[in-house]
Every structure is written in structure tokens, then in C-alpha cells.
Amino acid sequence: MKTRVAIIIIVVAVAAVAFVIVRFPGPKPPAPPPSFPPSPKADVGAATPVEAVVLYVEALYRKDYEAAYEGLSSASQRAHPYEQFLERAETGQATNFDLAAAEAGEEVGGRVTVTVPLVEDPAEAGFTTMREGGKWKVVFIGGEPWFPYAEEQSGRLHSTGEI
């Protein structure tokens, strides 16, 4: 009789535990991230000269040098192969720009110079931009990735053979 009572108690206990487990299964494991097919490379570029400069500088700040490089004009990419650009960007001194105060000048010959003031400094940088394939890109021929020479300066230096 004691054995029968013990078996009934065990069966009831197992049933109660099973009921609790089924009714309250506990926390679910996190769902795996959705897998999407690789997307083709986005058309990198900007709708305005100011946007081109802001996207370029923000990519440098994030150390997303590939995105910054993609924001350069094709002539700039020919002048600076990616490996060279990467080395110069990594070793260059980050400049603290006030991107919210960036202003575009007049378009001259398909080029627009965007002036960007430095934070806590009266100086400003002049980024030359150009339209390429319907998007605005940054021109970086002379200077450093963080502080490219404005095209006027770049042209003068180039004509004297200093680049």
C-alpha cells in the first residue's frame, strides 16, 4: 500500500512538473538575426556639396575609411590608391570640424568649395566638391585626408611641382 501511494505521489509530482514546464516554458532564446542576401554596393555619393563633405568627414570620424574613400571623386581615387589613403587617414591628425556650420560657395566650373569652420578655432577648411555621376564627391588631390587643400591651393602646389 505504501508503494502504491508513493508511486501515485511520484506520478502526480511528475505530472505537475510537466504541466508547469509546458505552461511556463521560461525565457525564449533570442531569435537569430534575419539573413538577407548580400546587397549590391550602394551608390555612394551625396545630393549636395555640403552633404558630400559631411558624409566624408563623418566617415573619417567613425574610422570607416572605405566609406570615406568612396566619397572621393574618381580623380582623387586615381591620385591616392586606397592603401595610401588608408595609411594617411589612420596616421593623420583628426580635425575637429563644426559640420553643422558647413557652407557651400558658388558653383564655378562644376565645382563647389564647402567651407567648414574648426571648433574652438577661427580657422576653416575649404573642401572642393564636384558632381560625378549625378552625385557630389569630395576632391582630395593635395593636403591630407582630414584637411585636403582647396582646389585653388592644390592647383598652385601642383603647378609648382610640390605635389
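The values are calculated or read from the model by the stated rules, or taken from the named source; none is laboratory data. Quick caveat, the model's predicted, so the values are computed rather than measured. Virtual Cβ from ideal backbone geometry, glycine too; neighbours counted across all protein chains shown.
Do you know which residues across segment 90-112 are buried (at least 20 other Cβ atoms within 10 Å of the Cβ) and within 22 Å of the chain's Cα centre (by Cα)?
Phe97, Ala102
Looking for something closer than 30 Å to Phe147 by Cβ and at pLDDT below 65 - is there at least one such residue anywhere in segment 45-53? So that I can check it myself, show each step before the final result.
Restricting attention to segment 45-53, the residues satisfying the condition of being closer than 30 Å to Phe147 by Cβ are 45-53.
Then keep just the ones that are at pLDDT below 65; that gives 45.
Yes, some residue in segment 45-53 is closer than 30 Å to Phe147 by Cβ and at pLDDT below 65.
Going by the conditions given, is Val14 farther than 26 Å from Asp121 by Cα, of a type in the set (A, V, I, L, M, F, W, C), surrounded by 10 or more Cβ atoms within 10 Å (Cβ to Cβ) and at pLDDT below 75?
Numbers: farther than 26 Å from Asp121 by Cα: yes; of a type in the set (A, V, I, L, M, F, W, C): yes; surrounded by 10 or more Cβ atoms within 10 Å (Cβ to Cβ): yes; at pLDDT below 75: yes.
Against the criterion (farther than 26 Å from Asp121 by Cα, of a type in the set (A, V, I, L, M, F, W, C), surrounded by 10 or more Cβ atoms within 10 Å (Cβ to Cβ) and at pLDDT below 75), Val14 qualifies.
Among the candidates Ala79, Ala101, Ala89, Ala75, single out the residue that is small (Gly, Ala, Ser), without any contact (Cβ under 8 Å) to a residue 24 or more places away in the chain and either in contact with a Pro (Cβ under 8 Å, 6 or more places away or on another chain) or more than 15 Å from Val57 (Cβ to Cβ) (or both).
From the options Ala79, Ala101, Ala89, Ala75, the qualifying one is Ala101.
Please verify whether Val119 is over 18 Å from the mean Cα position of the chain (by Cα), more than 21 Å from Asp64 (Cα to Cα) and buried (at least 18 other Cβ atoms within 10 Å of the Cβ), treating the condition exactly as stated.
Values: over 18 Å from the mean Cα position of the chain (by Cα): yes; more than 21 Å from Asp64 (Cα to Cα): yes; buried (at least 18 other Cβ atoms within 10 Å of the Cβ): no.
Against the criterion (over 18 Å from the mean Cα position of the chain (by Cα), more than 21 Å from Asp64 (Cα to Cα) and buried (at least 18 other Cβ atoms within 10 Å of the Cβ)), Val119 does not qualify.
Please go through segment 122-137 and pick out each residue that is hydrophobic (A, V, I, L, M, F, W, C) and buried (at least 18 other Cβ atoms within 10 Å of the Cβ).
The answer is Ala125, Phe127, Met130, Trp136.
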